[in-house]
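Here the structure comes first, spelled out in structure tokens, and everything after it is commentary.
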Amino acid sequence: MDFGTFLVQCLNSVQYGLLLFLVASGLTLIFGIMGVINLAHGSFYMIGAYMAFALAPLFGDQFLLMLVAGVVLAAIFGYLLEWAFFSYLYQRDHLQQVLMTYGLILVFEELRSILVGNDVHGVKVPAWLDGSFALGSVMSYPWYRLFASAACIVLAVALYWVVNRTRLGMMIRAGASNRDMVRGLGIDVKRLYRIVFAAGVALAALAGMIAAPMSSVYPNMGASVLIICFVLVVIGGIGSITGALVASLLVGFVDTFGKVFFADLSGIGIYLLMAIVLIWKPEGLMGRRP
Amino acid sequence: MTQANTSSMRRGAFIVPVVCAIAIGVLGPLMGNYVSDFVVKVMILSIFALSLELLVGMTGLVSLGHAAFYGIGAYVTVLASGSEGGNLALLLPAAMGAAALYALFVGALSLRTRGVYFIMVTLAFAQMAFFVFHDTKVGGGSDGIYMYVRPAIGKLDMENRMVLFYVVLASLVFTYGLLALVRRSRFGAALAGIRVNEQRMRAAGFAVYGYKLAAFVLAGALAGLAGFLLASRDGVVNPELMAWHNSGEVLLMVILGGLGHLRGAVIGAIAFTLLKEIFSTHAVMGPLADHWQLTLGIAIIVFVALLPKGLIGLAKRLSPKGAA
């Protein structure tokens, strides 16, 4: 492998890792703070991708505007979903959460198949992001992928800032460690949860929208990303956003370079990584010992 | 509740399954192809569900990757059977052994974690098995492989529909009986203790990890048995067997029936298979049958919302005796 290819693969790894982080951070918020195992989280990613497929022709080159519109729609959807389903799940045990969200997956998958069918669709890269950035003769890299990485970094920083520096973030963190105390302080926990959940859905959908022009839009995308997210959460440690970031980047590298070196067995790489981490630290890289 | 009442209930718990098994055995030859096929399918899934009940209901370990052991049992059966068909007496232990071995590996690692972690880790390990068979040529890749001749030993040839039927029935009786014995044994009592309060069991000097691992391996072996039977019935395996949807479905069966009862796993397997069959039958559902996933998904949601204790809980709620 020459240096240029190596560089391109590194950039791909980071880009993939950052995208995974966007999905996983939503899952971490929902799980870490509200304690709900949400198997349907992958579906939100899928819904985002299909939203990009549906919205792209309407917005044309106004790609950023489309992302904003999509995020707003996804957040509203998440807010309603929390109100209709998830608000009943907090008091239930994990087993029932697993089942009910499993039922939701079936519903989402079938609705998708009814509404848009089971074909694989492509989404066009907006014209202003088309083409590649060339670094002399060493390598060239698609502008869109650079944009995707940049967008994910901006969002990751924003998320970090909101969780660690704002009043909302303070309530979120307090709610994660002691729900009753937060309620006792007169904070509307119900509304707080609804907002956090909507944000989690919006993050996953946004990741789906950003991924759509790169990975195409296909029926199984929700399930595959969900499983990877689980692996991320296990590697990083439950409830830790920093852990999710570290794990995402690690998985991005393992997966990308696995595909380069061991094409046949690339699917297993991240699970091996997970097994190694578990042997070494059962609570995850940044998790607290249960 | 009086002493006599309790013991009569205990006898009931013993008599009902025996009567059911005998009835199925007697009715077997009278069933048409469709019905006997369906019954065989349900019995195999019952074994699969029972093996998971050992983990979830008896030990309190929620595994979301149980399909891996089922799939490995099935794959080993087909891979080891060769073009002239294999020996049943060798294939069956091979399938169960391979599943048990993978369970030992997965259990040894995943039992270091707890609760939600455990759910996610078992799921991830099942995906690992899925990808091994999906991405490599070992088992024919994503298309899977066919078994040309079904396992046999002497006259006991599973190509014969009735032989298959009785082998499956015998396996179900064996699994049910074995788990009923486990429940009443010292080992079973230790598992129950771990489910209720792991900390206390550890303090009492029990090797909790060892007990859980033993349960995990046994559950894996029994899932391998179900996989063996499935491969023998279908004559084909593919990676979808290990897909996480399958792990979700079997977990659903166990919970649908009612946790903590062996009957529950069987009732759940029957109810789930029936529901799926009904939802996908055009004669019943009309055009909606094409979208059975939708109706099934809604049914699951409604079910979880209304019946947290499973179908057994429903029966108790309806009968005046149970309410007392």
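The values are calculated or read from the model by the stated rules, or taken from the named source; none is laboratory data. Worth saying up front: this structure is predicted, and the values here are computed from it rather than measured. Here Cβ is always computed from backbone atoms with ideal geometry, including for glycine, and neighbour counts include all displayed protein chains. Note: areas computed on protein heavy atoms with side chains; ligands, DNA, RNA excluded. Shrake-Rupley method; radii C 1.70, N 1.55, O 1.52, S 1.80 Å.
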**Report entry** From B:Leu294, B:Leu314, B:Leu306, B:Leu275, residue being open to solvent by 50 Å² or more (accessible area, probe 1.4 Å) and farther than 29 Å from B:Ala21 by Cα
**Finding:** B:Leu306
Query - A:Gly243 being within 14 Å of A:Ser25 (Cβ to Cβ) and small (Gly, Ala, Ser) - result: yes
Report task. Could you please let me know if A:Val23 is open to solvent by 20 Å² or more (accessible area, probe 1.4 Å) and either part of a helix (DSSP H, G or I) or away from chain B (no Cβ under 14 Å) (or both)? Result -> no
Report summary line: In the stretch B:129-164, anything open to solvent by 50 Å² or more (accessible area, probe 1.4 Å), within 14 Å of chain A (Cβ to nearest Cβ) and not in a helix (DSSP H, G or I) is listed as B:Lys137, B:Val138
Query raised in the report: Could you give every pair whose Cβ atoms fall below 8 Å, whose first residue belongs to the stretch B:102-131 and is of a type in the set (Lys, Arg), and whose second residue is surrounded by 23 or more Cβ atoms within 10 Å (Cβ to Cβ) and part of a helix (DSSP H, G or I), counting only separations of at least 6 or pairs across chains?
Result: none
Requested in this report: Output the qualifying pairs, or none if there are none: Cβ atoms under 9 angstrom, residues six or more apart or on different chains, first residue in the stretch A:251-268 and away from chain B (no Cβ under 12 Å), second residue at pLDDT 80 or above and loosely packed, with under 14 Cβ neighbours inside 10 Å.
Outcome: A:Val254/A:Leu272; A:Val260/A:Thr5
Requested in this report: Please work out if A:Leu226 is farther than 30 Å from A:Ala84 by Cα, within 14 Å of another protein chain (Cβ to nearest Cβ) and assigned to a helix (DSSP H, G or I).
Outcome: no
**Report entry** Only one of B:Tyr102, B:Tyr75 that is more than 10 Å from chain A (Cβ to nearest Cβ), open to solvent by less than 10 Å² (accessible area, probe 1.4 Å), within 30 Å of A:Leu99 (Cβ to Cβ) and not in a loop (DSSP other than H, G, I, E, B)
**Finding:** B:Tyr75
Query raised in the report: Inside the stretch A:140-192, can you point out the residues that are in a helix (DSSP H, G or I), among the aliphatic types (A, V, I, L, M) and open to solvent by 70 Å² or more (accessible area, probe 1.4 Å)?
Result: A:Ile153, A:Val154, A:Val157, A:Met170, A:Met181
Report task. Scan the stretch A:1-18 and report the pairs whose first residue is closer than 16 Å to A:Ser137 by Cβ and whose second residue is surrounded by 15 or more Cβ atoms within 10 Å (Cβ to Cβ), with Cβ atoms within less than 7 Å and a gap of 6+ or a chain change. Result -> A:Gly4/A:Met139; A:Leu7/A:Met139; A:Val8/A:Met139; A:Val8/A:Tyr141
